[in-house]
Amino acid sequence: MTTYLPPLDDMRFVLAELAGLDQIAALPGFEEATPDLVDSILTEAGHIAEQALAPLNAPGDRQGARLVDGVVTTPDGWQDALNTLTEGGWNGVAFPAEFGGMGLPNLVNAPIQEMWHSANMAFALCPMLTQGAVNAILSYGTDDQKALYLPRLVTGEWTGTMNLTEPQAGSDLAALRSMATPDGDAYRIKGQKIFITYGDHELTSNIIHLVLARTPDAPPGIKGISLFIVPKFLTNDAGEIGARNDVHCVSLEHKLGIHGSPTAVLSFGDHEGAVGYLIGGLHRGVECMFTMMNHARLSVGMQGLSIAERAYQQARGYARERIQGKPAGWTADGKTGIVNHPDVRRMLMTMKSKIEAMRALVYVSWAAIDGAHSNPDSEQQARAALMADLLTPITKGWCTETGVELASLGVQIHGGMGYIEETGAAQHFRDARITTIYEGTTAIQGNDLMFRKLLRDKGAAVEGLLADMDQVARQATTLGGPHLGLIGAGLATAVAQTRQAVKWLLDAAAPNAGLAAAAAVPFLRLMGTLVGGYQLARAALVSQARLAAGTDTPDFYTAKLTTAQFYAASILPEVAALTQSIVISSDLVMALDEPLL
Ligand SMILES: Cc1cc2nc3c(=O)[nH]c(=O)nc-3n(C[C@H](O)[C@H](O)[C@H](O)COP(=O)(O)OP(=O)(O)OC[C@H]3O[C@@H](n4cnc5c(N)ncnc54)[C@H](O)[C@@H]3O)c2cc1C
């Protein structure tokens with residue numbers, strides 16, 4: 001019931017045809033990313049996801065992570081799975097060779113991460129958080145810090161964590177209270193962090209915590225926060241493990257999903273103070289975190305895609321087997337699965353088309369990150385950076401919200417059996433639910449999109465993207481035909497409606513922060529829905545061209561046309577409703593008095 005088959009053909013299609021793998025591979029430093037190598041990496045990653053990680057997903061959910069006598073234990077099989085990734089060098093796919101990585105683009109890492117998270121999200125969080133720590137140290141570490149920590153984190157010999165949240169400081173990092181007092185070359189950290197993913201475990205010989213804290217004379221608010229490296233075990237410069245640092249797991253959270261992932265309450269400095277090393281300069285902690293956030297947020301957006309793919313595969317399998325009555329309009333003899341009930345088809349196609357839209361959006365976003373880091377042409381680099389900045393909150397916010405929606409549809413397709421734990425559909429729904437909350441809630445992504453990405457440049461970046469969409473819509477409409485005509489018209493209409501929403505936001509909401517904030521999440525949903533439709537229209541153009549040129553796999557490309565057509569006809573029209581909602585209901589939301597709520 002809970003098997004997972006990596007959708008390698010779909011991944012290859014998006015990499016090659018939509019995300020521009022050949023252009024990314026041509027950037028300096030990525031020479032290794034030849035088509036053959038990428039292909040064999042994906043095939044091997046697919047085997048690991050399917051055979052080593054996926055079978056642990058349901059048992060890991062049932063067993064969960066446990067804290068007994070101060071020791072955190074992860075589910076059976078987690079250790080072997082992590083060893084497999086470490087031995088294969090999988091943690092270092094997108095990190096520099098000088099620190100033990102493979103030096104490949106983030107774009108190549110994207111399908112690998114997608115597979116890990118589809119197969120077993122609770123497990124995959126461990127390498128994901130470690131990659132976050134690597135990014136922080138790569139960007140801001142001193143040479144000594146890089147030499148000590150990076151080779152061990154890149155290989156996966158040690159794991160990493162991100163410590164932002166405190167009981168009074170969640171979305172609002174300005175409220176952080178953890179204190180870092182200078183002590184010689186280092187600092188002594190005291191404070192409590194909550195909800196720390198893989199904050200403690202016995203999987204590796206050390207855990208490297210990245211911790212936000214304040215120094216005694218720091219200015220209040222965001223500007224007074226600094227970032228510190230706090231290892232679980234202190235080491236010498238050669239990395240040999242020494243004394244236990246003063247950081248301890250007080251408890252593990254009991255939570256809705258991702259049971260196999262230990263979510264720790266960590267106490268820093270119950271005794272002499274945990275030794276921490278400043279990274280990135282005094283009072284630059286939030287700036288450092290923001291630099292890494294593009295990576296971390298895209299990774300969580302990816303989780304929305306991954307869990308939806310897993311839920312879809314499971315729901316499709318169930319719908320083919322489950323027999324229940326005769327579908328309306330069904331004329332063939334014999335019994336057939338519920339897959340042929342028109343509403344089940346609608347649900348499955350909704351899942352499939354949104355998954356394809358998400359995959360394209362996520363991979364294109366990673367390609368933009370690669371371009372922003374590695375394109376030697378400053379103009380193209382700036383363009384890629386702009387695109388990465390714009391797409392990041394959309395990818396995080398929309399793909400996670402859509403992941404939850406699709407995992408819920410997966411439950412619905414199972415009927416009552418979806419609500420019963422044994423099928424596994426419920427686990428996907430429970431696991432998906434955290435993705436819209438951590439790494440910045442959907443509202444925080446909406447605010448980022450609204451205030452930093454739309455209003456700050458008066459809509460210039462968004463208009464640039466809309467202009468690209470105009471071109472694709474025109475191409476599709478000009479080529480016409482049964483599929484492309486509808487796709488082109490649908491996209492053109494949605495773009496025009498989006499321009500209306502943008503105009504209203506720039507005119508009416510820009511001078512009124514409350515109004516802009518009320519419209520932020522609807523605007524994020526609008527942009528996600530629209531960008532998804534744009535990517536599928538691009539996919540349809542490519543598919544039409546392949547079919548016209550003659551191909552060995554016509555079914556594959558015909559299916560892409562159908563998916564894009566379905567999305568254009570039944571999902572893209574949501575842009576009209578969202579435009580209405582932004583223009584009309586934002587005022588209403590602002591007018592609501594608290595007692596009415
Ligand atoms: C399983 C799990 C794992 C986690 N892992 C980590 C981790 O590894 N490291 C770490 O540091 N943290 C971690 N977190 C914490 C997570 O990042 C926070 O829960 C998240 O940032 C939200 O903060 P909060 O829970 O305090 O909610 P709050 O900030 O209290 O938000 C509550 C509600 O208010 C809304 N809201 C708050 N502020 C605004 C605003 N400015 N505009 C609009 N709406 C707003 C939110 O959108 C939300 O709907 C984890 C949490 C969980 C549950």
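Couple of notes before you dig in:
- Residue within region 145-163 that is more than 26 Å from ASP69 (Cα to Cα), among the hydrophobic types (A, V, I, L, M, F, W, C), within 15 Å of the ligand (Cβ to nearest atom) and open to solvent by 50 Å² or more (accessible area, probe 1.4 Å) present: no
- Cβ separations smaller than 8 Å between residues 6+ apart or across chains give the following pairs from region 495-506 residues that are part of a helix (DSSP H, G or I) to residues that are among the hydroxyl-bearing types (Ser, Thr, Tyr): GLN497/THR579; THR498/THR579; GLN500/THR579; ALA501/THR579.
- Some residue of region 242-249 being of a type in the set (A, V, I, L, M, F, W, C), more than 16 Å from the ligand (Cβ to nearest atom) and not in a loop (DSSP other than H, G, I, E, B): yes
- For beta carbons closer than 8 Å, sequence separation of 6+ or different chains, a first residue in region 338-349 that is assigned to a helix (DSSP H, G or I) and a second that is at pLDDT below 95 and open to solvent by less than 30 Å² (accessible area, probe 1.4 Å), the qualifying pairs are ILE338/PRO327; ASN340/PRO327; PRO342/PRO327.
- Taking region 394-449 as the range and being surrounded by fewer than 22 Cβ atoms within 10 Å (Cβ to Cβ), under 12 Å from the mean Cα position of the chain (by Cα) and charged (D, E, K, R) as the test, only GLU401 passes.
- Filter result for ALA432 (within 16 Å of the ligand (Cβ to nearest atom) and not hydroxyl-bearing (Ser, Thr, Tyr)): yes
- Put simply, of THR395, THR441 the only residue that is under 18 Å from PHE523 (Cα atoms), away from the ligand (no atom under 15 Å from the Cβ) and hydroxyl-bearing (Ser, Thr, Tyr) is THR395.
- Subset of region 25-51 (residues that are surrounded by fewer than 18 Cβ atoms within 10 Å (Cβ to Cβ) and assigned to a helix (DSSP H, G or I)): PRO35, ASP36, LEU37, ASP39, SER40, THR43, GLU44, HIS47, GLU50, GLN51
Conditions (1) in contact (Cβ under 8 Å) with a residue 60 or more places away in the chain; (2) within 14 Å of the ligand (Cβ to nearest atom); (3) crowded, with 22+ Cβ neighbours inside 10 Å, marked per residue:
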| residue | (1), (2), (3) |
| --- | --- |
| GLU272 | yes, no, no |
| MET302 | yes, no, yes |
| GLN313 | yes, no, no |
| GLY329 | no, no, no |
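- Exactly one residue among LEU561, LEU536, LEU596 is more than 16 Å from the ligand (Cβ to nearest atom), without any contact (Cβ under 8 Å) to a residue 40 or more places away in the chain and over 18 Å from GLY446 (Cα atoms), and that residue is LEU596.
- Within the span defined as region 199-220, every residue fails to be outside any loop (DSSP other than H, G, I, E, B), under 26 Å from the mean Cα position of the chain (by Cα), touching a residue at least 12 places away in the same chain (Cβ under 8 Å) and surrounded by fewer than 19 Cβ atoms within 10 Å (Cβ to Cβ).
- Options ASP22, ASP61, ASP76; residue that is farther than 27 Å from ASP370 by Cα and open to solvent by 60 Å² or more (accessible area, probe 1.4 Å): ASP76
- Condition check for ASN83: free of Cβ contacts under 8 Å to residues at least 60 places away in the same chain and assigned to a helix (DSSP H, G or I): yes
- Test: residue in region 338-360 that is over 17 Å from LYS453 (Cβ atoms) and in contact with a strand residue (DSSP E or B) (Cβ under 8 Å, 6 or more places away or on another chain): yes
- Pair list, Cβ under 8 Å, 6 or more apart: region 168-188 residue open to solvent by 60 Å² or more (accessible area, probe 1.4 Å), other residue within 11 Å of the ligand (Cβ to nearest atom) and acidic (Asp, Glu): ARG177/GLU166
The values are calculated or read from the model by the stated rules, or taken from the named source; none is laboratory data. Quantities reported herein were computed from a predicted structural model and do not represent experimental measurements. All Cβ positions, glycine included, derive from the backbone under ideal geometry; neighbour counts span all protein chains shown. The area values use the complete protein model at the heavy-atom level, side chains included, leaving out ligands, DNA and RNA. Shrake-Rupley method; radii C 1.70, N 1.55, O 1.52, S 1.80 Å.
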